[in-house]
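Here is the structure we will look at, set down as structure tokens.
None of the figures in this text is laboratory data; all of them are computed from the coordinates on show. All values derive from a computational prediction rather than experimental measurement. Neighbour counts run over all protein chains shown; Cβ positions are idealised from the backbone, glycine included.
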Amino acid sequence: MNHVIDIEGLRVVRGGREVLPNLSVRIPSGSVVGLLGPSGSGKSTLIRAIVGVQVVEAGSVTVLGHPAGSPALRDRIGYVTQSPSIYDDLTVRDNVRFFARMLGAAMDSAERAIETVDLMSHADVLAGRLSGGQRSRVSLASALVGEPELLVLDEPTVGLDPLLRRDLWRLFHRLADGGTSLLVSSHVMDEATRCDRLLLLREGHLLADEPLPALLDRTGAADAEQAFLALVDVAEETAR
Amino acid sequence: MNPTRTLVVAGRVLRQLRVDHRTIALMLVVPCVLLGLLAWIFDGTPVFDRIGPALLGVFPFVVMFIVTSVATLRERTSGTLERLLTTPMGKGDLMFGYALAFGLMAVLQAVVASAFAIYVCDLDLQGPVWVLVIVAVADAVLGTALGLLASGFARTEFQAVQFMPAFVLPQFLLCGLLVVRDQLPSVLQPISDVLPLSYAVDAMNEVAAESDPLAGIAPELAVIVAWIGASLLLGSLTLRRRTP
């Protein structure tokens with residue numbers, strides 16, 4: 001199996017706190033990998049390390065065969081931050097077109113991205129006038145332009161209505177079927193059922209790295225949340 | 001750096017400004033109102049002719065400093081900067097894109113304010129208007145460059161606004177507008193000789209006094225351009241792709 005992301009012994013300290021003590025993980029290509037864990041577990045820090053904006057104490061992060069943050073990666077990765085990073089005083093279309101121009105992508109790729117996140121009806125509205133969920137879709141569309149090989153999405157479905165959430169997960173799988181690799185974080189354990197493979201993170205430690213059925217099999221739990229609790233129990237048992 | 005991406009940044013900054021009619025109006029109207037007030041309170045005296053040209057250099061500097069430092073700070077706090085730094089955009093593209101966009105706004109501001117000062121307030125100007133506009137644009141880009149640098153040290157918008165008096169007012173006091181530069185206390189003279197706004201004001205005064213000032217102001221313009229280059233360079237060092 002090919003790996004898009006290969007992390008070895010990653011250690012990250014933020015604000016004097018060891019957020020990721022020593023993390024090693026490989027992420028397969030062409031699938032939707034869910035990075036699940038409670039808030040504060042280190043999901044965003046891990047994502048920041050992968051896109052190369054995080055100062056790292058130790059360890060290596062290799063993305064698409066290059067060290068994370070290499071210039072060679074900058075037009076191959078789409079990154080969506082947790083809070084929508086868009087310009088409120090630009091229209092939806094101008095936002096997406098700006099990021100398309102930055103990547104040297106064609107303008108029709110911007111139109112397709114707006115279509116994909118279902119915002120065509122709001123294309124000429126200022127982003128600041130939109131709802132929170134709509135703004136996060138503008139942020140997503142801005143990452144879809146230029147068809148990146150790897151999409152790294154930090155909590156893209158937070159605060160969206162169930163219908164939209166379902167549509168977005170369908171979109172993620174459609175992209176994966178087309179060969180895109182996706183890493184999607186969420187603090188909602190229910191979203192485990194939508195992922196091809198799960199990474200369960202707690203306090204900077206990886207509790208699980210497997211598909212959901214294998215995880216349920218191993219723990220004997222009924223769903224991802226129960227499995228998470230069972231694994232936390234085991235981890236605390238061994239720590240004692 | 002890449003000229004296309006620099007232009008893309010500049011275009012985006014102008015597009016954002018275009019939506020904000022109030023900011024554009026303030027940038028164009030406030031200097032005129034202040035110049036008009038000044039001409040009015042010193043009506044019948046030579047004071048306006050003495051300090052008017054210098055103020056045409058100070059206004060674009062101050063306005064661009066504030067606008068740029070707040071705009072770039074917004075870019076940092078909204079997360080768009082972090083996102084942009086994961087794209088092929090170079091740090092120079094961002095710095096020069098902002099400088100270019102606000103430089104264009106400065107041309108507009110300088111033309112409007114100079115026209116108002118000369119034709120409405122009867123400012124007595126010996127040199128040609130286009131040289132005055134060149135100096136005003138250089139001052140505005142200087143304000144933009146220092147604003148970009150200052151925003152690197154601000155964490156909140158409150159701090160960014162406070163940097164205006166911190167960066168600008170000392171230069172204003174020492175630039176020769178209140179007390180002629182060679183009559184300053186001897187300790188302050190060398191400081192005044194280093195600060196860029198002093199050269200902006202000197203250049204404006206020469207444009208006001210000489211009918212062919214271009215050769216005379218070349219050294220002042222060179223100092224201003226050197227400050228612009230140094231500030232942009234230092235400012236780009238405050239843009240880090242990786243943050244803690």
How shielded is A:75-86 by partner chains, expressed as the average number of their Cβ atoms within 10 Å of its Cβ atoms? 3
Neighbourhood net charge (9 Å Cβ-Cβ; Lys/Arg +1, Asp/Glu -1) for B:MET1: +1
Out of A:VAL55, B:ILE51, A:LEU130 - ranked by how far each Cα lies towards the positive end of the dipole of the protein assembly as shown, with unit charges on the beta-carbon of charged residues - the top one is A:VAL55
Within a 10 angstrom radius of each residue's Cβ in B:86-96, how many Cβ atoms of other chains show up on average? Whole number is fine. 4
Mind ordering B:86-94, B:44-52, A:232-240, B:192-200 by average Cβ neighbours within 10 Å, highest first? B:192-200, B:86-94, B:44-52, A:232-240
Hey, fewest Cβ within 10 Å first, where do A:MET120, B:MET204, B:MET164 land in order? A:MET120, B:MET164, B:MET204
Compute the separation of the alpha-carbon centres of segment A:1-68 and segment B:1-51 and state it in Å as a whole number. 46
In degrees, nearest 10, range 0 to 90: what is the angle between the Cα axis of helix A:162-177 and the longest Cα principal axis of chain A? 90
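Run the helix sum for chain B: -39,500 (n - 2.57) per DSSP H stretch of 4+ residues, divided by residue count, reported at 222 nm to the nearest 500 deg cm²/dmol. Numbers along the way, then the final one.
Values: 10 runs with 186 residues, N = 244.
Computed mean residue ellipticity for chain B: -26000 deg cm²/dmol.
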Summed side-chain charge close to A:VAL188 - residues other than A:VAL188 whose Cβ falls under 11 Å, Lys, Arg +1, Asp, Glu -1: -2
Provide a whole-number value for the mean count of partner chain Cβ atoms within 10 Å of the Cβ atoms in peptide A:102-111. 2
Specify the residue with the greatest mean-square fluctuation among A:PRO148, A:PRO38, A:PRO156, computed from a Gaussian network of chain A linking alpha-carbon atoms under 10 Å apart. A:PRO38
Taking the 0 to 90 degree range and rounding to the nearest ten, how far is the long axis of helix A:224-239 tilted relative to the main principal axis of chain A, both from C-alpha atoms? 40
Could you list, bin by bin from short to long, the percent of Cα-Cα pairs of segment B:151-198 in 10 Å steps? 26, 41, 23, 9
Ranked A:ARG137, B:ARG241, B:ARG22, B:ARG83, criterion: other C-beta atoms within 10 Å, fewest first: B:ARG22, B:ARG241, B:ARG83, A:ARG137
Positive-end residue of B:MET89, B:ALA203, B:ILE134, charge dipole of segment B:3-238 with Cβ unit charges: B:MET89
Under the rule of -39500 (n - 2.57) per DSSP H run of 4 or more residues, summed and divided by the residues of chain A, what mean residue ellipticity at 222 nm is obtained, to the nearest 500 deg cm²/dmol? -11000 deg cm²/dmol
For helix B:129-151, what angle does its Cα long axis make with the longest principal axis of chain B, in degrees from 0 to 90 and rounded to 10? 40
Let me spell out the model: positive unit charges on the Cβ of Lys and Arg, negative unit charges on the Cβ of Asp and Glu, origin at the Cα centre of the protein assembly as shown. What dipole size does that give, in debye rounded to 20? 580
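Got a sec? How would A:SER181, A:SER142 order by Cβ neighbour count within 10 Å, fewest to most? Spell out each step's value before the answer.
Details: A:SER181 25, A:SER142 33.
Listed from fewest to most nearby Cβ atoms, that is A:SER181, A:SER142.
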Farthest toward the dipole's positive end in segment A:77-148, which of A:PHE99, A:VAL145, A:THR81, given Cβ charges of +1 (Lys, Arg) and -1 (Asp, Glu) about the Cα centre? A:THR81
Label chain B by shape, choosing from rounded, prolate and oblate, from the square roots a ≥ b ≥ c of the eigenvalues of the Cα gyration tensor; if a/c is under 1.5 it is rounded, and otherwise prolate applies when a/b is larger than b/c, oblate when it is not. prolate
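With only Lys, Arg, Asp and Glu charged, each at its Cβ (+1 for the first two, -1 for the last two), find how big the charge dipole of segment A:72-158 is about the Cα centre; round to the nearest 20 debye.
On the way: 9 positive and 13 negative charges, 23 e Å.
Computed charge dipole of segment A:72-158: roughly 120 debye.
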